[in-house]
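The values are calculated or read from the model by the stated rules, or taken from the named source; none is laboratory data. Just so it is clear, the model here is predicted, and its values are computed rather than measured. For neighbour counting, all protein chains shown are included, and Cβ atoms are generated from backbone atoms with ideal geometry for every residue, glycine included. With ligands, DNA and RNA removed, areas are computed over all heavy atoms of the protein, side chains included. Shrake-Rupley method; radii C 1.70, N 1.55, O 1.52, S 1.80 Å.
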Amino acid sequence: MKAYVESLGVIEPKAVYRNLTPAQLVEHALRRNEGSLSNTGALVVTTGKYTGRSPDDRFVVDTPAIHDDIDWGKINVPISPEKFDAIYGKMMAYLQGRDIFIFDGFAGADETYHLPVRVVNELASQNLFIHQLLLRPSAEQLDSFVPGFTIIAVPGFKCIPEIDGTHSEAAILVNFDKKMVIIAGSQYAGEIKKSIFSVMNYILPKKGVFTMHCSANIGDNNDSALFFGLSGTGKTTLSADPNRMLIGDDEHGWSDNGIFNIEGGCYAKCINLSRENEPFIWDAIKFGSLVENVIMDENTREFDFADKSLTENTRVGYPVDFIPNAAIPGIGEHPKTVIFLTADAFGVLPPISKLDKNQAMYHFVSGYTSKLAGTERGIIEPQTTFSTCFGAPFLPLHPSLYAEMLGNKIEEHDSKVYLVNTGWAGGKYGVGSRMKLKYTRAMVTAALNGELEKGEFDLDPIFNVLVPRTCPNVPDEFLHQRDLWADKEDYEKTAKDLAARFQKNFAKYDNMPKHIVEAGPKG
């Protein structure tokens, strides 16, 4: 392995460690003062300046081979091969005389489509993270392992924007020609995880595999389900069903064979974590897990999950088999049900609605949720948030490609698609109330077991979706937002305003097929 590292351009590394066990990596991390142990045995680190992903520091190396493929813009920002090579060279020089940790693993539980990934780390703690987050090869697979992509993460190396052409000291550079990602300046482990996902979002669609930023679970009858949703919409809560097996919590592919987890682990939020609400995540924080930016009591080493003094984006990474109801391997049949989750703080979207193929593509591209009023000075009403395909920061290709793949998949396999509002009912935030979780769970259950399909639906004239008249264990009046508002005129005004926001957001997508555009809200 020393010869391999030198082939990368690192002259005389201090030591090279390849595919160490979690216990060995924890020992190295403690010896190197990278972190400390909690009372549960988890390794705890702080990540310094960067406590979350830095999307403004992400670049794609612009070469003739991939130029016409990439959806260039604010998300996929070009950088020249020359700038990449210059930063890479200085990064390798920085690693001279330092310890280097290497992990070889796979992205993609379906071996037909998995990608061999080699991750080279400056930090033992980050190597522990990716060891737990990717799929771990067998001894036989390691003997013949040849990386299809290489990720090099060196948080100690800082870029100089004026010289390197970056926006800050941090940089995430994706080079598809060289099959390499280099990450400088940031210790936030999520950059490694999401860089691999971005790569898969480029590679797999070219093989006919639809890549998805979603969670997935499976029932006793092998009935798979997908859950799409942005942060705060209830994706983790609703997909973590004790009556179903968890395929994965964040990244999946949908091929001709079915669905599969891209990862071998989970990266869960810890803010305000409690055993009562998230028992699986709570119990997964143990030896072998990596915890980021959670404050501990200095003496007892007990966590204070409510403490957000470092960041609200506190995290824990652990292997998926730390979850007792995990489906191993992470593979499932073609999904019977697809659920889009949104937390509508305007309180006007139906609690649940059925989408046809074109409507599904429209709402998939929109990726809507809303932020609450009062989170920033001067904001007095909810703020719309649209994230393309529920994963805008990770999509190298044009959104229409992913939307068409979704449409083709749900049509081919007759998957039922529902839009579920986990936000507000009876009025916007500050007037209405948050959706009752027991009702939302009942609606999701009815969608998963097919009960909703047995009833009748009404067309919502503003949002252009089908709303069920009845749902088991949910009062009929709760299914129609207009009926819950005391001021009907205010409902009409607010609903039409949100519909107009959908339309305005969608207008930015050039070359979007007409059949998708016309499937959205009518206002």
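Residues in the stretch 310-350 average 28 Å² of solvent-accessible surface per residue, probe 1.4 Å, ligands and nucleic acids excluded.
When only alpha carbons are used to place a centre, the stretch 182-213 and the stretch 497-523 end up 28 Å from one another. Among the listed pairs Lys493/Lys522; Lys357/Lys409; Lys74/Lys178; Lys49/Lys308, those whose Cα-Cα separation exceeds 18 Å are Lys74/Lys178.
In percent, how large is the relative contact order of the chain, given Cα pairs closer than 8 Å and 6 or more residues apart? Don't jump to the answer; show the numbers that get you there.
Working: 1138 pairs, mean separation 71.0, N = 523.
Relative CO of the chain lands at 14 percent.
Solvent exposure of the stretch 22-102, expressed per residue, is 46 Å² of accessible area, with all protein chains present and a 1.4 angstrom probe. Using the average count of surrounding beta-carbon atoms within 10 Å as a protection proxy, the listed peptides 491-497, 418-424 rank, highest first, as 418-424, 491-497. Between Ala3 and Glu518, what's the calculated FRET efficiency when r is the beta-carbon distance and R0 is 56 Å? Round to 0.05. E(calc), rounded to 0.05, equals 0.40.
Under 14 Å from a point 7 Å along the Cα-to-Cβ line of Ile328: which residues of the stretch 264-299 have their amide N that close? 264-266, by backbone N distance to the label point.
Listed values (1) 1.11; (2) 0.93; (3) 0.98 include one computed from this model; for Cα Rg over 2.2 N^0.38 Å that value carries the label (3). The Thr237 and Glu12 beta-carbon pair, evaluated with R₀ = 60 Å, returns a calculated FRET efficiency of approximately 0.75.
When only the Cβ of Lys, Arg, Asp and Glu is charged (+1, +1, -1, -1), the dipole of the stretch 155-212 relative to its Cα centre reaches about 420 debye. Along the stretch 219-225 the Karplus relation, 6.51 cos²θ - 1.76 cosθ + 1.60 evaluated at θ = phi - 60°, assigns HN-Hα couplings of x, 4, 9, 6, 8, 7, 9 Hz to successive residues, with x for each Gly and Pro. Put simply, the amide H of Gly248, placed in the peptide plane, has neighbours under 5 Å in Ala216, leaving out anything fewer than 5 places away on its chain. State the antiparallel share, in %, of DSSP beta bridges confined to the chain, rounding to the nearest 5. Roughly 60 percent of the DSSP beta bridges within the chain come out antiparallel. Taking each residue as 0.36 nm, the span from Ser36 to Val146 lengthens on full extension beyond its C-alpha to C-alpha distance by 36.2 nm. Considering helices alone, the calculated mean residue ellipticity of the chain at 222 nm is -7500 deg cm²/dmol, with DSSP H runs of length four and up weighted by -39500 (n - 2.57) and normalised per residue.
Residues whose amide H comes within less than 5 Å of that of Met180, counting only those at least five positions distant or on another chain, are Thr150, Asn175 (H built at 1.01 Å from N in the peptide plane). In the context of the full set of protein chains, residues of the stretch 178-240 present 25 Å² of accessible surface per residue (probe radius 1.4 Å, heavy atoms only).
Projecting the Cα positions of Ala447, Phe502, Ala519 onto the charge dipole of the stretch 414-523 (unit charges on Cβ atoms of Lys, Arg, Asp and Glu, taken about the Cα centre) puts Phe502 furthest along the positive direction. For the stretch 189-200, 3J(HN,Hα) computed residue by residue from phi via the Karplus equation (6.51, -1.76, 1.60; θ = phi - 60°) reads 5, x, 5, 5, 4, 6, 5, 5, 4, 4, 4, 5 Hz, glycine and proline entered as x. Taken along the Cα-to-beta-carbon direction at a fixed 7 Å, the label points for Lys488 and Gln383 span 3.5 nm.
Computed from the C-beta positions of Asn277 and His413, the FRET efficiency with R₀ = 30 Å rounds to 0.35. Gain on full extension, evaluated as 0.36 nm per residue between Gln24 and Lys436 minus their Cα-Cα distance, stands at 143.7 nm.
Each residue of the stretch 2-19 was assigned a 3J(HN,Hα) from its phi angle through the Karplus expression (A = 6.51, B = -1.76, C = 1.60, θ = phi - 60°), giving 4, 5, 5, 4, 5, 5, 6, x, 8, 8, 6, x, 5, 7, 10, 10, 10, 6 Hz with x at Gly and Pro. A cut-off of 5 Å between modelled amide H atoms, ignoring neighbours fewer than 5 places along the same chain, links Val465 with Asp460. Of the accessible area of the chain, with the probe set at 1.4 angstrom, what percent is carbon plus sulfur? Using a 1.4 Å probe with all protein chains present, the chain comes out at 50 percent carbon and sulfur.
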